[in-house]
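Visitor: What follows is a structure written as structure tokens; I'll ask about it next.
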Amino acid sequence: MHIFSTLAILAFALSLAGCSFQLSPKTSTPEASKTGATKPSKPSESSMAMERRVFDLTNAERAKHRLPPFIWHDILSNSARAHSDDMLRNNMTGHSGSDGSSARQRIERHGLKNANSWSENVAYGSPTPEAVVQAWMNSPGHKANILSNSSTHLGVGLVLRPAGSSATYSHYWTQNFVRLPSGQTR
């Protein structure tokens, strides 16, 4: 058990540094649509409220630095939620999907094409929006994504561990950031 605790701490530290780390072998494959985008369970009202709270807290951090607020984007949120679901279902954490996909590939699978730039923050275990945003702000790489002028739009995805799940953590969070060409919304 001591080794597992050590691995969990190491995985958390690597995640905060923007690295990926798999805690255990992949054990299941998420459902995929015709486009290859995973379909997480429909989010609850409370998890959607928590996603919006993370969005608001992220924009509050930007306001402290006199940066313009991000614009909420549903496609980015769906992509972020699908990645959080993939991490939960496969008991893994990181920026690569269980199929080896990058954030950009997952965003494009969900229908958002031609983004000029993209980035992603992931976290797991943080039980509240305040805790996860604070953890990201305490990590130089994640903080840089939040305070970047390279992105204009943000989507947040949260998936909660269901009862009876063998997933390691209770909360899996993803933020997807993009800059869209002027006038583009999809």
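The values are calculated or read from the model by the stated rules, or taken from the named source; none is laboratory data. As the structure is a prediction and not an experimental result, all values here were calculated from the model. Cβ placement follows ideal geometry from the backbone for every residue including glycine, while neighbour counts extend to all protein chains displayed. Just so you know, the surface numbers come from the protein's heavy atoms only, side chains and all, with ligands and any DNA or RNA stripped out. Shrake-Rupley method; radii C 1.70, N 1.55, O 1.52, S 1.80 Å.
Visitor: Which residues, counting only those in the range 115-148, are within 15 Å of Ile71 (Cβ to Cβ) and touching a helix residue (DSSP H, G or I) at 6+ places or on another chain (Cβ under 7 Å)? Can you show your working first?
Guide: Taking the range 115-148 first, the residues within 15 Å of Ile71 (Cβ to Cβ) are 115-118, 146, 148.
Matches in the range 115-148: Ala115, Trp118, Ile146.
Visitor: Looking at the range 127-141 only, could you name the residues that are assigned to a helix (DSSP H, G or I) and among the polar types (S, T, N, Q)?
Guide: Of all residues in the range 127-141, those assigned to a helix (DSSP H, G or I) come to 129-137, 140-141.
Within the range 127-141, Gln134 is the sole residue that qualifies.
Visitor: Restricting to the range 163-184, and then to whatever is touching a residue at least 60 places away in the same chain (Cβ under 8 Å) and open to solvent by 60 Å² or more (accessible area, probe 1.4 Å), can you tell me which residue is farthest from His83 (Cα to Cα)?
Guide: Arg179
Visitor: Hey, any hits in the range 77-90 for a residue that's surrounded by fewer than 20 Cβ atoms within 10 Å (Cβ to Cβ) and out of contact with any helix residue (DSSP H, G or I) (no Cβ under 9 Å at 6 or more places or on another chain)? Spell out how you get there, then give the answer.
Guide: Initial filter on the range 77-90 (surrounded by fewer than 20 Cβ atoms within 10 Å (Cβ to Cβ)): none.
No: the range 77-90 contains no residue that is surrounded by fewer than 20 Cβ atoms within 10 Å (Cβ to Cβ) and out of contact with any helix residue (DSSP H, G or I) (no Cβ under 9 Å at 6 or more places or on another chain).
Visitor: Please count how many residues of the range 93-117 are under 14 Å from the mean Cα position of the chain (by Cα) and charged (D, E, K, R).
Guide: Result for the range 93-117: 2.
Visitor: Here is a further query. Can you name the condition, by its number, that Gly100 falls short on among (1) open to solvent by 50 Å² or more (accessible area, probe 1.4 Å); (2) modelled with pLDDT of 95 or more?
Guide: All conditions pass for Gly100, except number (2).
Visitor: Select, from Ile71, Ile107, the only residue that is closer than 14 Å to Gln175 by Cβ and open to solvent by 50 Å² or more (accessible area, probe 1.4 Å). I'd like the intermediate steps shown before the answer.
Guide: On the way: Ile107 fails: open to solvent by 50 Å² or more (accessible area, probe 1.4 Å).
Going through Ile71, Ile107 in turn, just one is closer than 14 Å to Gln175 by Cβ and open to solvent by 50 Å² or more (accessible area, probe 1.4 Å): Ile71.
One line per residue, one yes/no per condition, for (1) farther than 21 Å from Pro43 by Cβ; (2) assigned to a loop (DSSP other than H, G, I, E, B):
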| position | (1), (2) |
| --- | --- |
| His83 | no, no |
| Asn91 | no, yes |
| Ile107 | no, no |
| Leu112 | no, yes |
| Trp118 | yes, no |
| Asn121 | no, no |
| Lys143 | yes, no |
| Gly164 | no, yes |
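Visitor: What's the number of the only condition in (1) surrounded by fewer than 24 Cβ atoms within 10 Å (Cβ to Cβ); (2) at negative phi that Gly94 fails to meet?
Guide: All conditions are met except number (2).
Visitor: For the range 132-160, name all the residues that are among the small types (Gly, Ala, Ser) and in contact with a Lys or Arg (Cβ under 7 Å, 6 or more places away or on another chain). Outline the logic, then answer.
Guide: As a first pass, look at the range 132-160 and keep what is among the small types (Gly, Ala, Ser): 135, 139, 141, 144, 148, 150-151, 155, 157.
Selection gives Ser150, Ser151, Gly157.
Visitor: A further question on this structure: Please determine whether any residue of the range 149-162 is of a type in the set (Lys, Arg), assigned to a helix (DSSP H, G or I) and either in contact with a helix residue (DSSP H, G or I) (Cβ under 7 Å, 6 or more places away or on another chain) or under 22 Å from Pro69 (Cβ atoms) (or both).
Guide: First, pick out the residues of the range 149-162 that are of a type in the set (Lys, Arg): 161.
After this cut, where a residue has to be assigned to a helix (DSSP H, G or I) as well, the list is none.
Looking for residues that are of a type in the set (Lys, Arg), assigned to a helix (DSSP H, G or I) and either in contact with a helix residue (DSSP H, G or I) (Cβ under 7 Å, 6 or more places away or on another chain) or under 22 Å from Pro69 (Cβ atoms) (or both), one finds none in the range 149-162, hence no.
Visitor: Which ones in the range 51-68 are within 16 Å of the chain's Cα centre (by Cα) and open to solvent by 50 Å² or more (accessible area, probe 1.4 Å)?
Guide: Arg52, Arg53, Asp56
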